[in-house]
Amino acid sequence: MDPDKPIDIETLRLIAREKDIEFHTVVEAFETAFASAYKRSGQFDADEVRVHVDRGSGDISVYAQELDDDGNVVSEWQEQPRNLGRIVAQTARQVLLQRLREAEREATYGEYVGREGDIVSGQVSLQGNVTLIELGRTEALLPYAEQVPNERLNHGQHTRAIVTEVRRDSRRAQIICSRSHPGFVAAMFALEVPEIEDGTVEIKAIAREAGHRSKVAVVSNNTDVDPVGACVGPGGERAKGVQRELHNEESERIDIIRWSDEPEGFVANALSPAKVTAVYLYPEDSTAMVVVPDYQLSLAIGREGQNARLAARLTGWRIDIKSESQFEAEQAAFQEAFDKGLIDEFGNPLSQEGEEAIAAAYETAEETRAAALEESDDDSES
C-alpha cells in the first residue's frame, strides 16, 4: 500500500468480484484505511484527514481538515501524499482488512436477511463438534439441536436445510439452519408439489417429531384438485421424495391430513389413520373428547401416544380419546346417578353419595378402556 502511487483499479474490481461486494464499497474501504493511517502518522497539522481515490485512474488525493467543536468541517486543504512508513502502512492494511470483512459481512447479511423459511443447500462441513453447510462464499450453521435425531451427516455430503435465523455477530453474518424444524417438511413439499408452489394447494398446519412422524394439514383452493392426492402424488412418489430428502424414508412417517374449517372435522381427520365415531368440543378449556371404535383405540393413541400428541399440536385442541365402550359406560353410569338425584344435569355431585357415584363411573370406564386397549389392533407403523 503506497499512497505515492495510483491504486490499480482493476485489482479493486477483482477484490469486489471475489468477495461479492460492491466496487464502490471496496474503494471506500481503501479510502478509510489510508485516511486512518495518515491521521495516525501525524504528518499533517489537521483535526481530520480525508482521502479520495479516483474511480477511473486510481490516483490518490489527500485532504486535511479543520473541525469546529461540533465536528463540522470549517476548512479543508489538499496535501501531497507521502510515504506512510512501514508501521503506519501496516495499520492501514489492518484497517483495510477490517473494513472489507465488515463489508463482506453486511453483503452476506443483506443477501440472507428476510429469507427465514427458505431452503438452502450445500455440502456438509464437519469442523470438530460444529456442523456447517457450505453455501458458496459463505456457510450456514446447523446446530446439533436442529439436526434430526439419529441422522448421520457425513463430511462432503450434499444436504438441504431451512433458514431459521439470520443474525450479525462481531465477525460475520451468521445463518442458522435446521433440518428438524416442522417448516423444513413444509418447504420440501413446496418443492415436490407444483400445486403448493402455485398456490392451488395450501399447507395450513404442520406438527412434527423429527425422525419419527409428521402430520401435514392441507387444503385446496380449487374444488377440482384433491389436496391430499396432490401431496401424496402418483404411487406416493411426491411424499416419498420428501421422505428421501429427510434421509428417513423408512423411519419418518408423514401423514397428509385434510384441513377442515369445522373443528370437529379437523380433529377427526388429524387422528388419521384411526377412524373416529364422534367428536365433542369443550371450548372453555380447549378440549376435544374423541370417541373411536374399541378396535381403533390403540391406533388413535399411537405408539407412546405419538398419534394423539401430534394431532393435538396440529389442531391446537387438547384431545381426550375414549373407546366406544368406555364412553358408553361413562354415559350409562352418569345417567343412572342423575336418575337417582345424585348429580345435576351438568354432572356435578349433589351429595357425598354423588361424588362416590362419579368416582365409580370413572373407575368402571377406565377398566373398560383398559380392556379395549388389550383387544385393540395395534398398527405397527403408529
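Under 30 Å from Glu28 (Cα atoms) and not acidic (Asp, Glu): is that true of Leu97 in this structure? The answer is yes for Leu97. Evaluated against (1) surrounded by fewer than 20 Cβ atoms within 10 Å (Cβ to Cβ); (2) in contact (Cβ under 8 Å) with a residue 12 or more places away in the chain; (3) not small (Gly, Ala, Ser), Asp339 falls short on exactly one condition, (2). Scanning the stretch 40-57 for residues that are surrounded by 18 or more Cβ atoms within 10 Å (Cβ to Cβ) and closer than 18 Å to Leu97 by Cβ yields a total of 2.
Beta carbons closer than 8 Å, at least 6 apart along the sequence or on distinct chains, pair a first residue in the stretch 99-111 that is part of a helix (DSSP H, G or I) with a second that is of a type outside the set (Val, Ile, Thr) and surrounded by 18 or more Cβ atoms within 10 Å (Cβ to Cβ) for Arg99/Ala29; Arg99/Ala33; Leu100/Ala29; Ala103/Ala29; Arg105/Ala173; Glu106/Ala173; Thr108/Ala173; Tyr109/Ala173.
Given the condition within 15 Å of the chain's Cα centre (by Cα) and in contact (Cβ under 8 Å) with a residue 24 or more places away in the chain, answer yes or no: does some residue in the stretch 189-199 qualify? Within the stretch 189-199 (the criterion being within 15 Å of the chain's Cα centre (by Cα) and in contact (Cβ under 8 Å) with a residue 24 or more places away in the chain), the answer is yes, since at least one residue qualifies. Within the stretch 29-62, work out how many residues are aromatic (Phe, Trp, Tyr) and touching a residue at least 60 places away in the same chain (Cβ under 8 Å). Number satisfying all stated conditions: 1.
The number of residues in the stretch 113-147 being among the aliphatic types (A, V, I, L, M) and either part of a loop (DSSP other than H, G, I, E, B) or touching an Asp or Glu at 6+ places or on another chain (Cβ under 6 Å) (or both) comes to 3.
Just one of (1) over 14 Å from the mean Cα position of the chain (by Cα); (2) assigned to a loop (DSSP other than H, G, I, E, B) fails for Ser180. It is (1).
Across the stretch 58-77, not a single residue is classified as modelled with pLDDT of 80 or more, charged (D, E, K, R) and surrounded by 17 or more Cβ atoms within 10 Å (Cβ to Cβ).
Return yes when Ala268 is in the same structural domain as Ala370 (by TED's automatic domain parsing), small (Gly, Ala, Ser) and touching a residue at least 24 places away in the same chain (Cβ under 8 Å) and no when it is not. Before you say what the answer is, go through the steps one by one.
Details: in the same structural domain as Ala370 (by TED's automatic domain parsing): yes; small (Gly, Ala, Ser): yes; touching a residue at least 24 places away in the same chain (Cβ under 8 Å): no.
Here the answer is no, as Ala268 does not meet what is asked.
Considering the stretch 31-57, and only residues there that are assigned to a helix (DSSP H, G or I) and under 16 Å from Asp8 (Cβ atoms), the residue that is modelled with the highest pLDDT turns out to be Glu31. Residues in the stretch 118-136 that are farther than 14 Å from Ile176 by Cα and without any contact (Cβ under 8 Å) to a residue 12 or more places away in the chain: Gln127, Gly128. Quick check on Val219: is it at pLDDT 95 or above, outside the structural domain of Ala312 (by TED's automatic domain parsing) and surrounded by fewer than 17 Cβ atoms within 10 Å (Cβ to Cβ)? It is true that Val219 is at pLDDT 95 or above, outside the structural domain of Ala312 (by TED's automatic domain parsing) and surrounded by fewer than 17 Cβ atoms within 10 Å (Cβ to Cβ).
The values are calculated or read from the model by the stated rules, or taken from the named source; none is laboratory data. Since the structure is predicted, the reported quantities are computational estimates derived from the model, not experimental observations. Here the Cβ is made from the backbone with ideal geometry for all residues, glycine too, and neighbour counts use every protein chain on show.
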